[in-house]
Amino acid sequence: MAVIRALALAILSSFFSVAAGQLRPLPAAAAHGGLPVDLFSLSIASKLRTDHNSTAKASTDFGQMVKAAPAAVLHPSTPADIAALIRSSAASPAPFPAAPRGQGHSWRGQALAAGGVVVDMRALGRRARINVSAAAGEEPYVDAGGEQLWIDVLHAALKHGLAPRAWTDYLRLTVGGTLSNAGIGGQAFRYGPQIANVHELDVVTGTGEMVTCSRDKNADLFFAALGGLGQFGVITRARIRLERAPKRVRWVRLAYSDVVSFTKDQELLISNRASEAGFDYVEGQVQLNRSFAEGPKSTPFFSGGDMTRLAGFASRTGASAIYYIEAAIKWMYCWSLSFEPGFVFTKDVTYVQFLDRVRQEEQVLRDANPAGIILMYPMNKDRWDDRMTAVTAGGEDDDDGVFYAVGMLWSALSAGDVERLERQNEAVLGFCDEADIGCKQYLPHFTSQDGWRGHFGAKWERLVELKAKYDPHAILSPGQRIFASRAEKAGIASS
Ligand SMILES: Cc1cc2nc3c(=O)[nH]c(=O)nc-3n(C[C@H](O)[C@H](O)[C@H](O)COP(=O)(O)OP(=O)(O)OC[C@H]3O[C@@H](n4cnc5c(N)ncnc54)[C@H](O)[C@@H]3O)c2cc1C
């Protein structure tokens with residue numbers, strides 16, 4: 001069972017949305033007791049909003065599972081505005097929390113700041129802050145503001161015939177938001193996640209200092225911030241590697257009815273032989289049998305006729321799910337793969353249409369797909385840089401293994417659905433634990449510090465040190481709920 005031997009699992013935490021009125025509040029930041037600082041005496045006063053409309057928008061996120069109102073929202077014009085805000089908090093006898101918010105596409109309150117200040121990063125982008133460098137003879141790169149959307153970075157780079165090397169599936173996320181997690185998609189098997197494709201960062205630390213960092217300069221901050229869940233600083237600029245972009249690609253889906261052949265082929269495609277086979281982008285999707293009945297009857301990729309054939313294939317083979325390898329290829333070279341004969345689906349599309357494909361699919365899935373989708377991305381562990389904060393599944397010494405990122409993207413329409421899905425998530429995590437399958441959460445969520453300690457494993461003690469150095473008052477991104485603020489600690493100690 002070569003496939004199972006190689007399998008270590010990462011869970012891409014499910015995204016939920018629930019009907020309004022069923023929101024659960026974060027425990028109020030009672031320890032902060034409102035802002036102890038008169039923010040309106042600061043130079044940034046004109047950029048602060050305290051009206052209900054502004055604070056309400058910053059009180060929840062894509063997941064809509066957690067609600068926590070900030071006292072104010074900062075609309076910075078420059079990174080110096082963010083530094084001024086954080087300095088005022090750090091200098092206060094009772095520092096208040098501050099959270100950068102990109103697109104707010106978190107699912108569990110990670111970009112909220114109960115009783116503090118949410119920094120609306122998108123306000124920085126009102127000025128053009130994407131600069132491509134394509135000097136002859138030098139490796140090209142783009143300097144992009146942390147608030148920029150990846151789709152805008154793509155369009156700017158394409159003007160020079162270039163593009164970043166590593167993507168998320170969905171491009172309407174911010175550079176700073178995905179670099180604070182990892183940023184995974186179909187090229188990660190070859191180039192690693194987005195965090196492995198960054199040369200340099202500008203960061204505003206939790207003491208309000210503006211620092212430029214890279215592998216050679218302030219390296220501890222550079223590695224801490226990448227995958228750092230916003231705990232060590234606010235990323236205000238990232239220098240991102242570029243490569244020559246293809247104009248068009250062939251977008252392919254290959255169908256399987258058995259998981260062993262599917263994962264065996266995935267692992268073949270992410271091996272070095274993938275380059276020979278011309279596969280540039282490899283992901284997998286699992287379509288549960290019931291979704292043929294409950295889900296959409298066609299998608300932007302599959303026509304109604306394709307879906308009918310696939311449903312027939314599922315019923316003929318008695319498979320509980322159909323598995324698709326999704327790939328982008330330069331030329332067709334599939335003879336050594338074991339997909340079902342006749343079940344190759346291809347489309348010739350522009351590179352932008354391919355990279356931005358989830359936008360359209362998401363619209364369709366939002367309308368009518370209670371069944372959700374499951375994604376399975378095979379990854380080469382050696383493309384992740386272990387000096388960064390992000391952690392991966394598998395043993396710490398296991399450098400040359402393959403692991404999978406598994407994304408279970410369900411939607412819930414009621415509080416009951418949320419509870420059912422939470423139990424299901426717990427069951428998956430529990431199963432991995434019992435079966436001794438190395439497993440980490442992506443977009444992690446824990447309710448205790450022990451949970452975080454276990455998540456970061458051998459990196460934990462170092463993270464605690466770096467937190468004390470770069471955000472000693474635990475001001476930044478409190479919605480991750482990793483470190484208690486000084487005021488909260490005092491509250492805990494006195495209670
Ligand atoms: C529809 C959808 C599709 C997705 N697809 C993918 C995918 O294909 N691959 C993938 O890897 N992930 C994916 N995600 C997850 C996504 O990458 C994370 O949720 C990411 O954090 C969202 O970016 P954001 O800009 O909305 O960040 P936010 O939700 O605004 O912030 C996330 C966290 O980072 C902090 N933060 C935000 N900006 C900064 C900054 N500039 N500096 C420091 N910290 C900051 C926040 O305080 C918060 O703690 C998807 C999410 C959704 C909802």
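Per-structure values
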item	result
Residue tally, condition assigned to a loop (DSSP other than H, G, I, E, B) and within 16 Å of the ligand (Cβ to nearest atom), over region 225-276	7
Answer residue from region 408-448, given it is assigned to a loop (DSSP other than H, G, I, E, B), among the hydrophobic types (A, V, I, L, M, F, W, C) and surrounded by 12 or more Cβ atoms within 10 Å (Cβ to Cβ) and is nearest to the ligand (Cβ to nearest atom) among those	Leu443
Where Asp220 falls short, out of the listed (1) outside any helix (DSSP H, G or I); (2) in contact with a Cys (Cβ under 9 Å, 6 or more places away or on another chain); (3) more than 13 Å from the ligand (Cβ to nearest atom)	(1)
Region 45-69 residues that are of a type in the set (Lys, Arg), paired with ones that are away from the ligand (no atom under 16 Å from the Cβ) and at pLDDT below 95 (beta carbon under 9 Å, 6 or more apart)	Lys67/Leu23; Lys67/Arg24; Lys67/Pro25
Enumeration of residues in region 443-466 that are among the hydroxyl-bearing types (Ser, Thr, Tyr) and in contact (Cβ under 8 Å) with a residue 24 or more places away in the chain	Thr447
Out of Leu179, Leu162, Leu149, sole residue that is over 12 Å from Ala245 (Cα atoms) and surrounded by fewer than 23 Cβ atoms within 10 Å (Cβ to Cβ)	Leu149
Qualifying residue in region 227-248 (condition: under 20 Å from Met408 (Cα atoms), out of contact with any Pro (no Cβ under 8 Å at 6 or more places or on another chain) and of a type in the set (Phe, Trp, Tyr))	no
Matching residues in region 161-181 - criterion: being of a type in the set (Gly, Ala, Ser), on the phi < 0 side of the Ramachandran plot and more than 6 Å from the ligand (Cβ to nearest atom)	Ala163, Ala166
Subset of region 184-217 [of a type in the set (A, V, I, L, M), part of a strand (DSSP E or B), within 28 Å of Asn380 (Cα to Cα) and in contact (Cβ under 8 Å) with a residue 40 or more places away in the chain]	Val198
Evaluation of Glu209 against (1) more than 30 Å from Asp51 (Cα to Cα); (2) more than 10 Å from the ligand (Cβ to nearest atom) (one fails), failing number	(1)
Members of region 371-407 found to be surrounded by 14 or more Cβ atoms within 10 Å (Cβ to Cβ), modelled with pLDDT under 85 and either more than 24 Å from Gly183 (Cβ to Cβ) or not aliphatic (A, V, I, L, M) (or both), listed by number	Ala371, Gly372, Gly394, Asp398
Residue count, region 90-138 (criterion: on the phi > 0 side of the Ramachandran plot and within 12 Å of the ligand (Cβ to nearest atom))	2
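Condition check ((1) crowded, with 18+ Cβ neighbours inside 10 Å; (2) touching a helix residue (DSSP H, G or I) at 6+ places or on another chain (Cβ under 9 Å); (3) assigned to a strand (DSSP E or B); (4) not β-branched (Val, Ile, Thr)) across all residues:
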{"site": "Ser59", "(1), (2), (3), (4)": "yes, no, no, yes"}
{"site": "Gln64", "(1), (2), (3), (4)": "yes, no, no, yes"}
{"site": "Ala69", "(1), (2), (3), (4)": "yes, yes, no, yes"}
{"site": "Pro76", "(1), (2), (3), (4)": "yes, yes, no, yes"}
{"site": "Ala80", "(1), (2), (3), (4)": "no, no, no, yes"}
{"site": "Ile86", "(1), (2), (3), (4)": "yes, no, no, no"}
{"site": "Ala90", "(1), (2), (3), (4)": "yes, no, no, yes"}
{"site": "Pro100", "(1), (2), (3), (4)": "yes, yes, yes, yes"}
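The values are calculated or read from the model by the stated rules, or taken from the named source; none is laboratory data. Small disclaimer: the values here were computed from a predicted structure and weren't measured. Glycine gets a Cβ as well: all are built from the backbone with ideal geometry, and neighbour counts include every protein chain shown.
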